[in-house]
Amino acid sequence: MKRKISIGLVLCLSFGIIAAGCGNSNVATDTSTSTTESTASASSAAPAEKVTLSVFGMFNTPDADANLKSFDVMKKKFVADFPNVTFKEEQIPHDEFETKMKTYAAANELPNVFELKGTMIPGLVDNSQIVEIDPIIAMAPGLKEGYKAGVFDDFLYKAKAYAAPFQMGNNHNVFWNEEIFKECGIDAFPTTWKDFLGAIEKIKAKGYVPIAMGNKGKWVAESLIYNTIVYRYAPVDWYLNLRDGKGAKWTDTEIVEATNEFAKMAKNGTFNTDMNSIDNIQQCTLYYNKKAAMFIEGFWAVDPVCAEAPADVLKATHIAQFPAVEGAKGAGNVNQAAAGWGWAVSSNLSDGQKTAVANFIKYATGVDYANLVVANRGLPASKPTKVDKASMPALYSELLKLNDESVFAPVFDVQLAPNVVDALYSNMQELLIGSMSGEKYCELAQIEMDKNKK
Amino acid sequence: MAKKLKSPKPLTFVLFLGPILALFLFMVVLPIFVSAYYSFFDWTGGKTMNFTGLANYMELAKDREFWMSAWNNIQIIVLCTIGQVGLGLVVSFLLISRGLKFKEFHRTVIFFPVVVSAIVIGFVWSLMYNKDFGLVNWFLTLVGGEKLILPWLDNPSYIILTVSLPIVLQFVGLYMIMFMGAIKSIPDEIFECSGLDGCNELQKSFYITLPMIYDTFKVAIMICVSGTMKVFDHILVLTNGGPGKSSQVLALYAYNISFDRMRLSYGSTIAIGILVLSLLITLSSRAALGGKRYE
């Protein structure tokens with residue numbers, strides 16, 4: 001008898017293990033990450049139909065930024081306001097998010113609503129895994145009108161938008177330390193490229209790293225710096241023509257010139273020598289420790305800088321952008337800006353779920369959300385209606401001013417195909433260490449562009 | 001009279017081996033066949049899959065990045081085999097010898113990294129290699145070697161060496177334990193006799209110990225070669241394949257193709273390529289070491 005029981009147990013165990021692996025993994029049942037499930041019991045004017053809404057995002061970093069803080073508040077409000085919706089949420093950190101989201105997509109098990117960036121859209125649309133976002137947004141009254149102009153540009157595919165943005169701001173912000181600049185004999189942030197290069201030499205001579213850069217993740221140099229230098233050498237139309245296949249090429253003279261200029265800056269010691277082995281968090285450490293005079297980051301860095309920088313460094317910190325290059329075709333006030341990530345909706349939702357998703361998107365991207373984001377020193381995709389300028393930190397006011405003065409242009413790595421982005425990222429490291437020429441870098445990027453035309 | 005061990009019944013075999021065999025088939029063998037199946041398609045995830053026959057394999061044969069990554073793997077294999085198996089052998093000789101004190105302490109300390117996750121090892125070493133705050137450069141400053149201070153993970157000319165060092169040091173303990181077990185199984189009488197015949201410790205090592213543990217040595221090399229072929233986590237954390245692609249290995253390439261570029265079918269093709277290359281390298285290392293056992 002005992003033997004039969006043990007045989008039974010062993011067989012159950014082995015089948016159980018395999019069944020666990022084979023089972024259709026529901027996003028919401030994943031307990032390996034911070035998963036919350038809540039069904040509010042309070043009654044309200046919400047529709048009576050009971051629906052389940054699975055949400056997958058990356059608002060789960062230890063360094064709480066403006067979006068995370070605001071999302072947290074709006075999520076709780078959503079759960080309280082819609083008791084008929086069983087809200088199943090999974091949030092994991094940014095770097096792991098992309099891999100897991102792509103794994104869900106590959107297995108055709110995407111959650112109802114999830115974050116994505118523009119480059120992921122063509123694959124998901126071609127596989128009929130996500131739906132157009134406009135009809136969903138139209139289900140939430142007043143939502144569409146609240147968005148700023150151009151915030152859907154990163155999510156367009158065949159002239160239709162596929163995600164709802166929650167942020168929009170410039171990617172290129174030079175955080176510079178006024179005290180170090182003064183110590184090096186520079187009174188203000190240079191207004192010409194020639195003066196800027198001169199300032200770098202003066203900073204170097206005093207033993208500081210001119211610009212701290214953490215390019216281990218491969219995107220920092222390309223997305224935050226190189227992108228701007230290209231816009232200083234070429235007009236925005238060049239990029240639009242390249243993206244839309246209207247004759248512009250990476251190998252065009254001005255782009256090669258811009259690429260060689262960036263390589264020259266690296267060769268001349270503008271950046272720390274370990275730029276490819278530290279990340280963008282560590283680049284801030286160099287700046288906070290006053291070893292570097294500048295670092296370059298997206299708008300999302302303002303809140304962490306305000307919270308983490310030592311008081312004297314924060315006081316001396318200002319925000320600027322690269323000046324215009326004399327004689328080049330690009331303008332000095334163009335700044336690449338992106339919504340970057342947005343909320344996408346999977347196909348095959350019931351009508352009740354679509355209503356729930358529309359409401360969720362209103363809570364997670366709309367005007368109320370925008371007001372919170374501004375209060376938390378971020379830049380939302382919707383137009384905020386309440387801006388308390390009196391209580392704003394000085395650095396955040398500078399960010400808003402720079403945003404107002406800038407002409408926004410697309411960010412390459414948000415819009416171009418993954419193979420092109422990979423070439424731009426990986427080869428950038430070689431360009432920066434001098435093992436690849438600017439000509440070769442541009443040629444390889446163009447080869448990847450040409451592959452997508454076939 | 002020694003009590004004869006009862007031979008287990010077939011059902012007992014099935015019960016004990018069944019669960020683990022089922023797991024092995026499901027998690028190791030089945031994915032190989034699934035990958036092979038996907039490698040004949042053009043698939044970026046989701047429902048749409050287009051049969052492309054051998055097109056992925058044709059591309060793989062001409063893919064410079066694949067072969068460059070394979071070359072990086074081979075360099076790491078050579079360094080790890082020399083480092084892990086060689087150091088493991090030397091350390092095991094030292095720990096067996098009579099002169100060394102605190103043997104258990106040394107054994108524990110050397111073996112400890114084996115049980116630590118590769119991600120942790122990679123992260124610790126990325127801190128140690130840090131140019132400004134790392135232990136390596138701090139130590140060089142301490143002993144007056146400022147001229148030797150380098151950005152250890154930023155130069156392609158020595159990057160393979162710097163990423164291999166953590167892998168070598170992590171697994172020395174594993175081979176040390178294997179060799180110590182093998183050396184202890186050599187009958188003491190042989191050493192005693194050789195001692196009486198006038199052998200010194202070095203001669204004992206070369207003429208008795210090494211030939212007697214040659215089979216273990218071969219197994220160690222096989223494990224080292226096959227284990228290093230799948231190296232991934234250390235490099236992902238240390239350099240993410242950089243600078244450029246100079247420390248990219250095959251597993252990292254397959255991962256990048258699958259999840260960065262979303263070419264899941266070509267990623268599967270690379271995985272099959274890794275399998276074939278691993279088999280070739282492991283079998284050729286076995287052939288090179290010879291099948292004969294020292295008697």
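Key figures
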{"read-out": "Elements of type strands (runs of 3 or more DSSP E) contained in region A:314-402, each with 2 or more residues being more than 19 Å from the chain's Cα centre (by Cα)", "value": "A:317-320"}
{"read-out": "Lone unmet requirement of (1) in a helix (DSSP H, G or I); (2) open to solvent by 10 Å² or more (accessible area, probe 1.4 Å); (3) more than 8 Å from every other protein chain (Cβ to nearest Cβ) for A:K88", "value": "(1)"}
{"read-out": "Matching entry among B:V124, B:V136, B:V163 (being touching a His at 6+ places or on another chain (Cβ under 7 Å) and under 20 Å from A:I278 (Cα atoms))", "value": "B:V163"}
{"read-out": "Which listed residue, of B:L54, B:L21, is of a type in the set (A, V, I, L, M, F, W, C) and facing chain A (nearest Cβ under 10 Å)", "value": "B:L21"}
{"read-out": "Test: residue in region A:391-406 that is within 14 Å of chain B (Cβ to nearest Cβ) and either open to solvent by less than 20 Å² (accessible area, probe 1.4 Å) or closer than 30 Å to A:W176 by Cα (or both)", "value": "no"}
{"read-out": "When residues of region A:132-147 are limited to those that are under 13 Å from A:A161 (Cα atoms) and surrounded by fewer than 20 Cβ atoms within 10 Å (Cβ to Cβ), the one nearest to the other protein chains (Cβ to nearest Cβ)", "value": "A:E132"}
{"read-out": "Candidate set from region B:139-151 (those that are open to solvent by less than 50 Å² (accessible area, probe 1.4 Å) and at pLDDT 85 or above); member that is nearest to the other protein chains (Cβ to nearest Cβ)", "value": "B:P151"}
{"read-out": "Residue that is nearest to A:Y231 (Cα to Cα) [pool: residues in region A:407-422 that are within 14 Å of chain B (Cβ to nearest Cβ) and in a loop (DSSP other than H, G, I, E, B)]", "value": "A:L416"}
{"read-out": "Residues of region A:137-166 satisfying the condition of being in contact with a strand residue (DSSP E or B) (Cβ under 6 Å, 6 or more places away or on another chain) and outside any helix (DSSP H, G or I)", "value": "A:Y147, A:V151, A:F152, A:Y162, A:A163, A:A164, A:P165"}
{"read-out": "Test: residue in region A:354-368 that is free of Cβ contacts under 8 Å to residues at least 40 places away in the same chain and either over 25 Å from A:E178 (Cβ atoms) or of a type in the set (D, E, K, R) (or both)", "value": "no"}
{"read-out": "Meets criteria (at pLDDT 90 or above and under 30 Å from A:D274 (Cβ atoms)) for B:I272", "value": "no"}
{"read-out": "A:Y425 aromatic (F, W, Y), within 24 Å of A:E98 (Cβ to Cβ), within 11 Å of chain B (Cβ to nearest Cβ) and touching a residue at least 40 places away in the same chain (Cβ under 8 Å)", "value": "yes"}
{"read-out": "Filtered residue count, region A:287-303, keeping only those that are surrounded by fewer than 24 Cβ atoms within 10 Å (Cβ to Cβ) and within 14 Å of chain B (Cβ to nearest Cβ)", "value": "4"}
{"read-out": "Unmet requirement for A:P310, which otherwise passes all of (1) modelled with pLDDT of 95 or more; (2) open to solvent by less than 10 Å² (accessible area, probe 1.4 Å)", "value": "(2)"}
{"read-out": "For A:A409: the one exception among (1) without any contact (Cβ under 8 Å) to a residue 24 or more places away in the chain; (2) out of contact with any Gly (no Cβ under 6 Å at 6 or more places or on another chain)", "value": "(1)"}
{"read-out": "Among (1) away from every other protein chain (no Cβ under 14 Å); (2) closer than 25 Å to A:T273 by Cβ, the one test that B:Y207 misses", "value": "(2)"}
{"read-out": "Any chance B:Y266 is assigned to a helix (DSSP H, G or I), open to solvent by 50 Å² or more (accessible area, probe 1.4 Å) and within 14 Å of chain A (Cβ to nearest Cβ)", "value": "no"}
{"read-out": "Long-range neighbours under 6 Å by Cβ, at least six apart or interchain, first residue more than 12 Å from chain B (Cβ to nearest Cβ) within region A:104-118, second among the β-branched types (V, I, T) and buried (at least 23 other Cβ atoms within 10 Å of the Cβ)", "value": "A:V113/A:V55; A:V113/A:V345; A:V113/A:V357"}
{"read-out": "Residues (aromatic (F, W, Y) and open to solvent by less than 10 Å² (accessible area, probe 1.4 Å)) located in region A:320-377", "value": "A:F322, A:W343, A:F360, A:Y369"}
{"read-out": "The listed residue being away from every other protein chain (no Cβ under 14 Å), crowded, with 23+ Cβ neighbours inside 10 Å and modelled with pLDDT under 95, out of B:T216, B:T282, B:T228", "value": "B:T228"}
{"read-out": "Selection count, region A:417-451, where residues are under 27 Å from A:L116 (Cβ atoms) and touching a helix residue (DSSP H, G or I) at 6+ places or on another chain (Cβ under 7 Å)", "value": "16"}
{"read-out": "1 or more residues without any contact (Cβ under 8 Å) to a residue 40 or more places away in the chain and open to solvent by 40 Å² or more (accessible area, probe 1.4 Å): qualifying helices (runs of 4 or more DSSP H) within region A:175-273", "value": "A:178-183, A:193-205, A:236-243, A:253-267"}
{"read-out": "Candidates B:I160, B:I183, B:I167 - the one that is β-branched (V, I, T), modelled with pLDDT under 95, part of a helix (DSSP H, G or I) and touching a helix residue (DSSP H, G or I) at 6+ places or on another chain (Cβ under 9 Å)", "value": "B:I183"}
{"read-out": "In region B:215-249, the residues that are over 19 Å from B:L161 (Cβ atoms) and in contact with a Gly (Cβ under 9 Å, 6 or more places away or on another chain)", "value": "B:T216, B:K218, B:A220"}
{"read-out": "Any helices (runs of 4 or more DSSP H) falling wholly within region B:47-111 and containing at least 1 residues that are hydroxyl-bearing (S, T, Y) and either open to solvent by less than 30 Å² (accessible area, probe 1.4 Å) or in contact with a Leu (Cβ under 6 Å, 6 or more places away or on another chain) (or both)", "value": "B:64-80, B:87-96"}
{"read-out": "Members of region B:1-43 found to be more than 29 Å from the chain's Cα centre (by Cα), under 30 Å from B:I270 (Cβ atoms) and open to solvent by 60 Å² or more (accessible area, probe 1.4 Å), listed by number", "value": "B:F40, B:D42"}
{"read-out": "Contacts under 6 angstrom Cβ, first residue in region A:127-151 being under 19 Å from A:V113 (Cα atoms), partner open to solvent by 70 Å² or more (accessible area, probe 1.4 Å), 6 or more apart", "value": "A:N127/B:K47; A:E132/A:K160; A:I137/A:K144; A:A140/A:K362; A:L143/A:K362"}
{"read-out": "Failed item, numbered, when A:K383 is tested on (1) within 14 Å of another protein chain (Cβ to nearest Cβ); (2) touching a strand residue (DSSP E or B) at 6+ places or on another chain (Cβ under 9 Å); (3) surrounded by fewer than 22 Cβ atoms within 10 Å (Cβ to Cβ)", "value": "(1)"}
{"read-out": "Tally of residues being over 21 Å from B:P113 (Cα atoms) and either modelled with pLDDT under 90 or open to solvent by 30 Å² or more (accessible area, probe 1.4 Å) (or both) across region B:124-138", "value": "4"}
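The values are calculated or read from the model by the stated rules, or taken from the named source; none is laboratory data. Every value quoted in this text rests on a predicted model; they were computed, and no experiment measured them. Heads up, the Cβs are rebuilt from the backbone with ideal geometry, glycines too, and the neighbour counts pull from every protein chain shown. For accessibility, only protein heavy atoms count, side chains too; no ligands or nucleic acids. Shrake-Rupley method; radii C 1.70, N 1.55, O 1.52, S 1.80 Å.
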